[in-house]
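Read the structure below first, then the notes.
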Amino acid sequence: MGLADRMIRLLWAVGGEDVAARILRAHWRLLPGDDPEGRALRGRLVAALRSELPGRDAEIREAVLADELALLKPGEKPSRATVLKIVRALS
């Protein structure tokens, strides 16, 4: 699954089509070269979600967790570093 698909899925899961479209139009930017997995972009989009949909933190964390798990290769056992990235992403 590509980065754009992941971010659309994340936003759609929390806010639905209208919110996803609005946030993507307003906050989609090119990724920094050192962020191939899109965590910086996801952080911007999650901040926009939290601003637009206060009180939906549990749903946002669930969507972020689903996105982090989508980054794992099938059958891959997460390394300690991966687990720490997931924990940081959920904070």
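The values are calculated or read from the model by the stated rules, or taken from the named source; none is laboratory data. No experiment lies behind these values; they were computed from the predicted model shown. In case anyone asks, the SASA skips ligands and DNA or RNA and just uses the protein heavy atoms, side chains included. Shrake-Rupley method; radii C 1.70, N 1.55, O 1.52, S 1.80 Å.
Seen against the Cα atoms of the chain and their longest principal axis, helix 57-71 is set at about 40 degrees.
Ranked by solvent-accessible area (1.4 Å probe, protein heavy atoms only, all chains present), the residues ASP57, ASP18, ASP35 order from largest to smallest as ASP18, ASP57, ASP35. When a 1.4 Å probe is rolled over the protein heavy atoms, the share of accessible surface on the chain that falls to carbon and sulfur comes to 57 percent. When every Cα-Cα distance of the chain is counted in 10 angstrom steps from zero, the calculated P(r) takes the values 16, 52, 28, 4 percent. Between the Cα long axis of helix 39-52 and the first principal axis of the chain there is an angle of about 40°, rounded to the nearest 10.
Heavy atoms of the protein chains alone define the surface here; on that basis the chain has 63 Å² accessible area per residue at 1.4 Å probe size. Taking Cα atoms only, the orientation of helix 3-27 departs from the longest principal axis of the chain by about 20 degrees. Maximal additional length on extending the ALA70-ASP57 stretch stands at 2.7 nm, based on 0.36 nm per residue less the C-alpha distance.
Between HIS27 and VAL83, the contour length at 0.36 nm per residue exceeds the alpha carbon distance by 17.5 nm.
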